[in-house]
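Colleague: Quick one: structure below, then a few questions.
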Amino acid sequence: MSRFHHMTPAVCCCSKTQSGEKYTDPFKLGWRDLKGLYEDIRKELLISTTELKEMSEYYFDGKGKAFRPIIVVLMARACNIHHNNSRDMQASQRSIALIAEMIHTASLVHDDVIDDASSRRGKHTVNKIWGEKKAVLAGDLILSAASIALARIGNTTVISILTQVIEDLVRGCPDPMVHEIAYQYGKNVGIAFQLIDDVLDFTSCSDQMGKPTSADLKLGLATGPVLFACQQFPEMNAMIMRRFSLPGDVDRARQYVLQSDGVQQTTYLAQRYCHEAVREISKLRPSPERDALIQLSEIVLTRDK
């Protein structure tokens, strides 16, 4: 099954400003608003049962990348500055950063159950330690807590969580153009992040990634590197159609990918999406937060785990 669509490669370089100066460190800048992030998330998880509490808090140990909360707070400040030159962070905007991390983490817990994964972030998964049924419950509890936190923000007309995130992120800024800039930046950086994830599944070792590599092939998924490799090795089509289910399919597919330019082509495509993210966010008024979002797109391309 393929989760990869557009395949027109392009190259971009987004490492420096037009003046040639390096951008602000996005993580250092973003963490000003995220101090106590995981403590605040754990406060939202009001669970009385000791075991459920331990499961629900398991991944909120400060060892994640916090990539999504960083984007939220940087985008919030960049939009505030663009709209009314205000450097103040609204409480609802910071709440969205917490909620984004909670929803993401709940999805990880559920994904690990679906994938029967045994390790993540260098340690055993929730389902490996406590079993599938309890892991599903833990993920549901995190989602429930996130939904309660979302409801407290006060927007009852929201149709979807994504709409809520965008709307509250730029709350106080009625300009539809800014809404669209925030959406396009997030979409393009998100796609680039996934493409690089697909690349790392072939180029990084398990210890570096904190989880097994070739995981997508084992799940029957044809990601970017596989689809690009298929253009050079059409015999891979049969393996894709049967979702790499026969003995030896995973190993053969991996070798085909490594012999092809699939990894490079996927990287080029990720660069293209990052270039588009930079083009969109550059429409905002200059600010340290805007420049940090630009730098964040480069970090997406150069990360190794």
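The values are calculated or read from the model by the stated rules, or taken from the named source; none is laboratory data. Here the structure is a predicted model, which is why all the values come from computation and not from measurement. Accessible surface areas use protein heavy atoms only, side chains included; no ligands, DNA or RNA. Shrake-Rupley method; radii C 1.70, N 1.55, O 1.52, S 1.80 Å.
Colleague: Given a cut-off of 29 Å, name the pairs among Lys28/Lys133; Lys187/Lys305; Lys28/Lys218; Lys63/Lys128; Lys65/Lys283 whose C-alpha atoms lie farther apart than that in the structure shown. It would help to have the intermediate numbers written out before the result.
Modeller: Details: Lys28/Lys133 38 Å; Lys187/Lys305 20 Å; Lys28/Lys218 37 Å; Lys63/Lys128 19 Å; Lys65/Lys283 27 Å.
Flagged as over cut-off: Lys28/Lys133; Lys28/Lys218.
Colleague: Just the number, please: carbon plus sulfur as a percent of the accessible area of segment 187-275, 1.4 Å probe, no ligands or DNA/RNA counted.
Modeller: Numbers: 2040 of 3870 Å².
Its accessible area is 53 percent carbon and sulfur atoms.
Colleague: So, one more: So how much slack lies between Lys43 and Lys133, counting 0.36 nm per residue of separation and subtracting their Cα-Cα distance, in nm? If you can, show how the numbers build up before the last one.
Modeller: Numbers: separation 90, 0.36 × 90 = 32.40 nm, distance 2.39 nm.
Taking Lys43 through Lys133 to full extension adds about 30.0 nm, to one decimal.
Colleague: Using a 1.4 angstrom probe, figure out how much accessible area segment 219-305 has per residue, in square angstrom, rounded to the nearest whole.
Modeller: Values: 3840 Å² over 87 residues.
Averaged over the residues of segment 219-305, the accessible area is 44 Å².
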